[in-house]
Amino acid sequence: MDFASKIRSIPDFPQPGILFRDITPLLADGQAYRMAIQELAAFARSLGTEAVIGPEARGYVVGAPLAYELGVGFVPVRKPGKLPGRTVAVDYQLEYGFGRLEVHADAIRAGTKVLVADDLLATGGTISATVELVRRLGGEVVGAAFLIELTELAGRQRLPGMKIKTLIQF
Ligand SMILES: O=P(O)(O)OC[C@H]1O[C@H](OP(=O)(O)OP(=O)(O)O)[C@H](O)[C@@H]1O
Ligand SMILES: Nc1ncnc2[nH]cnc12
């Protein structure tokens, strides 16, 4: 499957100088979406994944179906003030901004093998923050799975030693 042909590139969004890689055409193609999730699921299975975690919002369209396909739980990471229970938070930076991510403090049992999932790896800021949240809760991060990797932004360097699967590289 040529997943890259299902990605639309939009210049200067959300700000000048950013070439935005839009996954919505891939999501709209049921067969491509399913094959992409199944390919990431094979990687996740090989790592013994017991839970999947993903950041709001686009991390959910990868992480949630991946967890469902594996038959394991999904842990949502949210932007501030959205989760009703006690939370743990980390601040982070991304290609075009900065922010804070939160997770419920009781979302992961200590020792759980957790796969982190998102649509896209750019600078790695978002996923590093997500990894940090898992570790703070005592989970073991076994790997990271993405649809897209922006190789020039070297996000992998923020994840030393991590097993990483990406379906499309730009
Ligand atoms: O590797 P990084 O430099 O951190 O960039 C990648 C992140 O940026 C985008 O999310 P965004 O914060 O735009 O939020 P969204 O999912 O709500 O659109 C994307 O979905 C990744 O989570
Ligand atoms: N260039 C990009 N396109 C889409 N999502 C992104 N998140 C961070 N950088 C991005």
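The values are calculated or read from the model by the stated rules, or taken from the named source; none is laboratory data. Not measured: the values here are computed from a predicted model. Cβ coordinates were reconstructed from backbone atoms using ideal geometry, including for glycine residues, and neighbour counts include every protein chain displayed. These accessible areas exclude ligands, DNA and RNA; they are computed on the full protein's heavy atoms, side chains included. Shrake-Rupley method; radii C 1.70, N 1.55, O 1.52, S 1.80 Å.
Quick check on G125: is it open to solvent by less than 30 Å² (accessible area, probe 1.4 Å), more than 25 Å from S46 (Cβ to Cβ), within 12 Å of ligand 1 (Cβ to nearest atom) and free of Cβ contacts under 8 Å to residues at least 24 places away in the same chain?
On the way: open to solvent by less than 30 Å² (accessible area, probe 1.4 Å): yes; more than 25 Å from S46 (Cβ to Cβ): yes; within 12 Å of ligand 1 (Cβ to nearest atom): yes; free of Cβ contacts under 8 Å to residues at least 24 places away in the same chain: no.
When the stated conditions are applied, G125 does not pass them.
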query: Condition test on D91, is it closer than 22 Å to S128 by Cβ and more than 16 Å from ligand 2 (Cβ to nearest atom)?
result: yes
task: Go through (1) closer than 23 Å to I23 by Cβ; (2) crowded, with 18+ Cβ neighbours inside 10 Å; (3) more than 15 Å from ligand 2 (Cβ to nearest atom) and name the single condition T130 misses.
output: (3)
Count of the range 1-23 residues which are outside any strand (DSSP E or B), surrounded by 12 or more Cβ atoms within 10 Å (Cβ to Cβ) and not small (G, A, S): 7
- line: Selection over the range 112-125 where residues are within 16 Å of ligand 2 (Cβ to nearest atom) and either modelled with pLDDT of 95 or more or not hydroxyl-bearing (S, T, Y) (or both) yields a count of 9
- request: Taking the residues in the range 27-41 that are more than 18 Å from Q169 (Cβ to Cβ) and of a type outside the set (S, T, N, Q) as candidates, determine which candidate is surrounded by the fewest Cβ atoms within 10 Å (Cβ to Cβ).
  value: G30
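In the set E102, E56, E95, which member is within 14 Å of ligand 1 (Cβ to nearest atom), more than 10 Å from the chain's Cα centre (by Cα) and open to solvent by less than 50 Å² (accessible area, probe 1.4 Å)? Working first, answer last.
Details: E56 fails: more than 10 Å from the chain's Cα centre (by Cα); E95 fails: open to solvent by less than 50 Å² (accessible area, probe 1.4 Å).
When all the criteria are applied, what remains is E102.
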